[in-house]
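Written out below as structure tokens is the structure these notes cover.
The values are calculated or read from the model by the stated rules, or taken from the named source; none is laboratory data. Only a predicted model underlies this, so the values are computations on that prediction, with no experimental measurement involved. When we count neighbours, we look across all protein chains shown, and the Cβ atoms used for this are built from the backbone with ideal geometry, even at glycine.
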Amino acid sequence: MLDLTKPLVFIDLETTGVNPASDRIIDMAALKANVNGTIETKTWRVNPGVTIPEVTTKIHGIKNEDVVDAPLFSAIAPQVLDFIGTADLGGYNSTRFDIPLLIEEFMRAGFDFDLKNRKLIDAQHIFYMMEPRNLGAAYKFYCGKKLENAHSAVADITATYEVFLAQIEKYKGVEIETKTGKLITPIHNNINTLATYTSDSQAVDLVGRIVLNEKGIEVFNFGKYKDKSIEEIFKKEPSYYHWMMQGDFTHYTKKIITQIMLRTKV
């Protein structure tokens, strides 16, 4: 049993997107671990008041029609506040996402939520701290050796190659389940197959400012035109292209948007 001096409430949110400042809650679960060892859980389905993007629905399966009759967050906020009470808060990636987004929803609804005197526990931080995901950890895990001269380019690249070979051998024929429940065997001794599963095929400009939507159309992945067709926006508002060219974007991103801009003039 956890050694608690006050309740600990774990929070998990399903949302319209991944921006705590602008996205909305559509499903919320809270698990309260009490000092006496008992567990309480609550769930709320929420109408976000905005359209749920298709790309988000593909992740959690919640459609617009699923929330049309659900209450707005402002209506359930008193219940959520009452359930949390003075508890400490926890979750998985909760300090960077779930808790900031939840606080935004409270404040947007006119309710204050103070983190003062609350401890924040994040299971993801514990995972990353205890099971490092750096090259040295990978080298020890896959190759059984300590990485000497880490951060020396030649040592790092040699270790990376050895890790890669060990991964191919270790995961040959191993099935995994995708987010949609499909079973795949991603690791093969074949570069084409590996590239299909290990590269981010949606990120057109590598850094993810320009991505492909579910229809294969290049769309913005940031800002006021997020999820909008770049070609269509450039046709209607050429000044946005010029703003990007003067902005703090990578040269490769600028190369990609220039190619798209040239298409609008054909």
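Here are some notes:
- Some residue of segment 170-177 being over 22 Å from Asn19 (Cβ atoms), part of a helix (DSSP H, G or I) and of a type in the set (A, V, I, L, M, F, W, C): no
- Residues being closer than 27 Å to Gly17 by Cα, at pLDDT below 95 and either among the aliphatic types (A, V, I, L, M) or not in a helix (DSSP H, G or I) (or both) are represented in segment 127-150 by at least one member.
- Of the candidates Thr253, Thr193, the single residue that is surrounded by 11 or more Cβ atoms within 10 Å (Cβ to Cβ), without any contact (Cβ under 8 Å) to a residue 12 or more places away in the chain, in a helix (DSSP H, G or I) and not acidic (Asp, Glu) is Thr193.
- Filter pass, Val211 being closer than 30 Å to Val55 by Cα and either without any contact (Cβ under 8 Å) to a residue 24 or more places away in the chain or in a loop (DSSP other than H, G, I, E, B) (or both): yes
- The residues in segment 166-177 that are under 23 Å from the mean Cα position of the chain (by Cα) and either surrounded by 10 or more Cβ atoms within 10 Å (Cβ to Cβ) or of a type in the set (A, V, I, L, M) (or both) can be counted, and the count is 1.
- Leu206 being farther than 21 Å from Asp23 by Cβ and under 22 Å from the mean Cα position of the chain (by Cα): yes
- Qualifying residue in segment 76-86 (condition: within 30 Å of Ile217 (Cα to Cα) and either part of a loop (DSSP other than H, G, I, E, B) or at pLDDT below 95 (or both)): no
- Leading residue by the ranking (nearest to the chain's Cα centre (by Cα)) among those in segment 96-114 that are under 17 Å from Lys32 (Cβ atoms) and of a type outside the set (D, E, K, R): Ile99
- In segment 71-95, the qualifying residues are those that are among the hydrophobic types (A, V, I, L, M, F, W, C) and within 22 Å of the chain's Cα centre (by Cα), and the one that is nearest to Thr16 (Cα to Cα) is Phe73.
- Residues that are in contact with a Lys or Arg (Cβ under 9 Å, 6 or more places away or on another chain) and either farther than 21 Å from Asp23 by Cα or among the acidic types (Asp, Glu) (or both), drawn from segment 222-234: Glu231, Phe234
- When restricted to residues that are surrounded by 15 or more Cβ atoms within 10 Å (Cβ to Cβ) and touching a residue at least 40 places away in the same chain (Cβ under 8 Å), segment 77-90 contains 7.
- Filtered by the rule that a residue be among the aliphatic types (A, V, I, L, M) and more than 24 Å from Gly223 (Cα to Cα), segment 12-56 gives Met28, Ala29, Ala30, Leu31, Ala33, Val35, Ile39, Val46.
- Flag if Val204 is closer than 24 Å to Thr253 by Cβ, in contact with an Asp or Glu (Cβ under 9 Å, 6 or more places away or on another chain), in the same structural domain as Trp243 (by TED's automatic domain parsing) and surrounded by 13 or more Cβ atoms within 10 Å (Cβ to Cβ): no
- Leading residue by the ranking (farthest from Asn93 (Cα to Cα)) among those in segment 20-74 that are of a type in the set (Lys, Arg) and touching a residue at least 60 places away in the same chain (Cβ under 8 Å): Lys58
- In the set (1) loosely packed, with under 12 Cβ neighbours inside 10 Å; (2) in contact with a Pro (Cβ under 8 Å, 6 or more places away or on another chain); (3) of a type outside the set (A, V, I, L, M), the condition left unmet by Asp69 is number (2).
- Note on segment 157-183: residues that are among the β-branched types (Val, Ile, Thr) and at pLDDT below 90 amount to 2.
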